[in-house]
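See structure below.
The values are calculated or read from the model by the stated rules, or taken from the named source; none is laboratory data. Given the structure is predicted, the values throughout are model-derived calculations rather than measurements. We place every Cβ from the backbone using ideal geometry, glycine too, and count neighbours over all the protein chains shown.
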Amino acid sequence: MADESAPAKTREGGVEELLATRRDEILNLWIQERSESDEFRDELISKKELRAQSRRVIEMLADAIRVSARSEFDDPAFDDLRAYLNELAHTRAVKGYTPSENATYILSLRNVVMPLLAEEFEGRADALVREMNYFTRLLDKMGLVMVDTFIRSREEIIRQQRADMMELSTPVIKVWDKILTMPIIGTLDSRRAQVMMESLLQKIVESGSTIAILDITGVRTMDTLVANHLIKTVTAARLMGARCILTGVSPAIAQTMVQLGIDLSQITTRAQMSDGIKLALEMSGRAVVSAKALSQIASAHSAAAQKAAALAAHGRVITTENQRRADEGAGGAAAAATGTRKSHGFDPEG
Amino acid sequence: MPQSQSIALENEHDIAVARGEARAMAAQVGFRLVDQTRLATVASELARNVVKYAGRGRMIAHAVEGAAGRRGLRLVFEDTGPGIPDLAAAMRDGFSTGRGLGKGLPGSKRLVDEFEIESEVGRGTRVTVVRWT
Amino acid sequence: MSDGSRIPILKVGRVLIVPIQVDMDDRTVIQLQERILSELERTGARGVLIDISLLEMVDSFIGRVLSDIAAMARIMDARTVVVGMQPAVAITLVELGLELRGVDTVLNVDEGIKLLRDEFGIGGDAEGDLMQGELSAFASEPINRP
């Protein structure tokens, strides 16, 4: 269908006329070409959906060419088409297509249209070349739009997944009353270290914990930025009134920290997390002793000795806290360990 | 969302107004709580400098957009006060433990991503800071 | 912006409890400092517990005043403890490079009372067993609900 108002160049009817008059044929050929290709992902899209999308692309393309009087892709008449391609690209990104699958989808339209153009323009070599070039230019631009949008969408999705993963991968666990531990596993980058710091400090407030054990056994490498974040975390916790114990520092990381000139004198460290937990218990006024030893110590008080013996029989570790409570009941005097206070000026470990 | 706000800094009460505005705009730009706190604090420090050393000036706060649509907040503190004779020294001094706390510029710098200071003796000072989301 | 006299200073046993609930301008901060010291003199209290769990920002000015309050109270034979610093505030203070020298900071009111009692012997002596009970009861009330 020639556009009467257009200048001479459309008098013969160009590719847009082909797209309009032989639309269904083109559509069928395109769908067939796509579904037979190696790349067709029938688990991601149904033939019906593919058909609907493809039909819209052809129609919008034909319209845009006509309305713009055969201008190039940057003409405003192509805006609707561009918007639709953006939408398609985004949807396909979410579904899990690869970028090349996306571009191929559009570019494969050329395989379908070119033979038909050759038919229409048989015997008119100049016109045929002109139409083929024009159509190719448009399709190339369309393919680029698909790829660009696709990549941006994928980056957005990856960013979101990364944020989700970061939240899940840094659990803060309560190991005892007022004692938290945060086992850090995997690569530590500046961003993750920041998230972890805020998460730990928040948990400290929420749980009222005065001791936090940061275990970096699972951390392979560390750079200055991350080490600084670690120190910042420890200092901020101290300001808030909680003490941090750093455990699991490997020889490699210890070396790195010294080489980076990082001052660890303000931080309490222990080799193993278990040592850290033991220290944390002691710092909060508890000692870990075997039931047998305790019953021996308390042997002068028969009531206490009986209690200890009973507990020892159950294989339970006694802490001085509940032993003191038990003694209070039996009227005995127990050595009450005093706890160390968590003010930031006070450092029992030196 | 207002793109730009200007707060007069003429007395010590305006310091509190300035940091409140900085926090409010930071929230609108979409900063997380800890970043809002950083921006409110740096506004408090720099606004106080204006009132303390120049007597009067102003803070201009505006949302900015960077590369790839990244959003941020720019705060400008300017005055026509005496200016800072030794900028290098001012940027070295932190918070001393004595009576004088200095201008706290190195500390303020650590709270933001971009920090620029221009000052001329007898003409005034302008400090510009930016933080990105 | 409230003026300094709106921030309550409560006395429980031998401890003054100061819950700061609003953003304070410089004048309010100074007024608060003066009020705390004058209450210390008037009541003979031996401890000051400043609750900053609702304070969303501590800058160098407030930080210095907190240090000053602790130092001045010490001269008047009273110990000061600051409780409830918010994580965002702590992070910002570290980045600013402020140390809060001379200020004992603890996590919450419970820890603060424990510190005053166990470390400084305030509110836990013989006559104060009653007061200790008062303090503990007070601490479990939600005076610093965020």
- Task: Inspect all residues belonging to the range A:93-110 and state whether any of them is modelled with pLDDT of 90 or more and either under 24 Å from the mean Cα position of the chain (by Cα) or of a type in the set (Asp, Glu) (or both).
- Result: no
- Message: Of the residues C:VAL94, C:VAL18, C:VAL48, C:VAL81, only one is outside any helix (DSSP H, G or I), among the β-branched types (Val, Ile, Thr) and in contact with a Ser or Thr (Cβ under 6 Å, 6 or more places away or on another chain); which?
- Response: C:VAL48
- Task: Being in a helix (DSSP H, G or I), modelled with pLDDT of 95 or more and closer than 17 Å to B:PHE115 by Cα narrows it down to one of B:GLU45, B:GLU78, so name that one.
- Result: B:GLU45
- Message: Given the options B:GLU45, B:GLU65, B:GLU21, B:GLU10, name the one that is surrounded by fewer than 18 Cβ atoms within 10 Å (Cβ to Cβ) and within 14 Å of another protein chain (Cβ to nearest Cβ).
- Response: B:GLU10
- Query: When B:MET59 is evaluated against the numbered criteria (1) within 12 Å of chain C (Cβ to nearest Cβ); (2) touching a helix residue (DSSP H, G or I) at 6+ places or on another chain (Cβ under 6 Å), which criterion, by number, is the only one it fails?
  - Reply: (1)
- Task: Using the structure shown, decide if B:GLN5 is of a type in the set (S, T, N, Q), more than 9 Å from chain C (Cβ to nearest Cβ) and in a strand (DSSP E or B).
- Result: yes
- Does the range A:99-120 include one or more residues that are surrounded by fewer than 16 Cβ atoms within 10 Å (Cβ to Cβ), more than 30 Å from A:SER207 (Cβ to Cβ) and charged (D, E, K, R)? yes
- Task: Just one of (1) modelled with pLDDT under 95; (2) crowded, with 23+ Cβ neighbours inside 10 Å; (3) within 14 Å of chain A (Cβ to nearest Cβ) trips up C:LEU135, so point out which.
- Result: (3)
- Task: Name every residue in the range C:76-87 that is more than 14 Å from the chain's Cα centre (by Cα), on the phi < 0 side of the Ramachandran plot and more than 8 Å from chain A (Cβ to nearest Cβ), in order of residue number.
- Result: C:MET76
- Query: Which condition breaks for B:GLY102 when tested against (1) more than 13 Å from the chain's Cα centre (by Cα); (2) under 16 Å from C:GLY97 (Cα atoms); (3) more than 10 Å from chain C (Cβ to nearest Cβ)?
  - Reply: (3)
- Item | Among (1) buried (at least 22 other Cβ atoms within 10 Å of the Cβ); (2) within 14 Å of chain C (Cβ to nearest Cβ), the one test that B:VAL34 misses | (1)
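Quick grid of which residues meet (1) surrounded by fewer than 16 Cβ atoms within 10 Å (Cβ to Cβ); (2) at pLDDT 85 or above:
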residue: A:LEU139; (1), (2): no, yes
residue: A:GLY143; (1), (2): no, yes
residue: A:ARG154; (1), (2): no, no
residue: A:GLN160; (1), (2): yes, no
residue: A:MET165; (1), (2): yes, no
residue: A:THR170; (1), (2): no, no
- Task: Tell me which residues, restricted to the range A:230-262, are surrounded by fewer than 21 Cβ atoms within 10 Å (Cβ to Cβ), within 14 Å of chain C (Cβ to nearest Cβ) and either assigned to a strand (DSSP E or B) or touching a helix residue (DSSP H, G or I) at 6+ places or on another chain (Cβ under 8 Å) (or both).
- Result: A:LYS232, A:THR235
- Message: Quick check on the range C:51-67: of everything there that is in a helix (DSSP H, G or I) and more than 10 Å from every other protein chain (Cβ to nearest Cβ), which residue is surrounded by the fewest Cβ atoms within 10 Å (Cβ to Cβ)?
- Response: C:VAL65
- Can you tell me how many residues in the range C:2-45 are modelled with pLDDT of 95 or more, basic (Lys, Arg) and within 20 Å of C:VAL103 (Cα to Cα)? 1
- Task: Evaluate the following for A:GLU156: is it under 24 Å from the mean Cα position of the chain (by Cα) and either acidic (Asp, Glu) or farther than 30 Å from A:LEU200 by Cβ (or both)?
- Result: yes
- Those residues of the range C:96-118 which are free of Cβ contacts under 8 Å to residues at least 24 places away in the same chain and either crowded, with 24+ Cβ neighbours inside 10 Å or within 7 Å of chain A (Cβ to nearest Cβ) (or both), in sequence order: C:ASP118
- Among the residues of the range C:68-78, is any free of Cβ contacts under 8 Å to residues at least 60 places away in the same chain, among the charged types (D, E, K, R) and part of a helix (DSSP H, G or I)? yes
- Message: List the residue pairs whose Cβ atoms are under 6 Å apart, where the first residue sits in the range A:276-292 and is surrounded by 15 or more Cβ atoms within 10 Å (Cβ to Cβ), the second is polar (S, T, N, Q), and the two are 6 or more positions apart or on different chains.
- Response: A:GLY276/A:THR247; A:MET283/A:THR340; A:ARG286/A:THR319; A:ARG286/A:THR320; A:ALA287/A:THR320
- the range B:68-89, subset in contact with a Ser or Thr (Cβ under 8 Å, 6 or more places away or on another chain) and of a type in the set (Gly, Ala, Ser), residue surrounded by the fewest Cβ atoms within 10 Å (Cβ to Cβ): B:GLY83
- Message: Condition first: within 14 Å of chain C (Cβ to nearest Cβ) and either touching a residue at least 12 places away in the same chain (Cβ under 8 Å) or among the hydrophobic types (A, V, I, L, M, F, W, C) (or both). Can you find one or more residues in the range B:83-92 that meet it?
- Response: yes
- Message: For the range A:194-218: of the residues being buried (at least 21 other Cβ atoms within 10 Å of the Cβ) and more than 9 Å from every other protein chain (Cβ to nearest Cβ), which is farthest from the chain's Cα centre (by Cα)?
- Response: A:ILE211
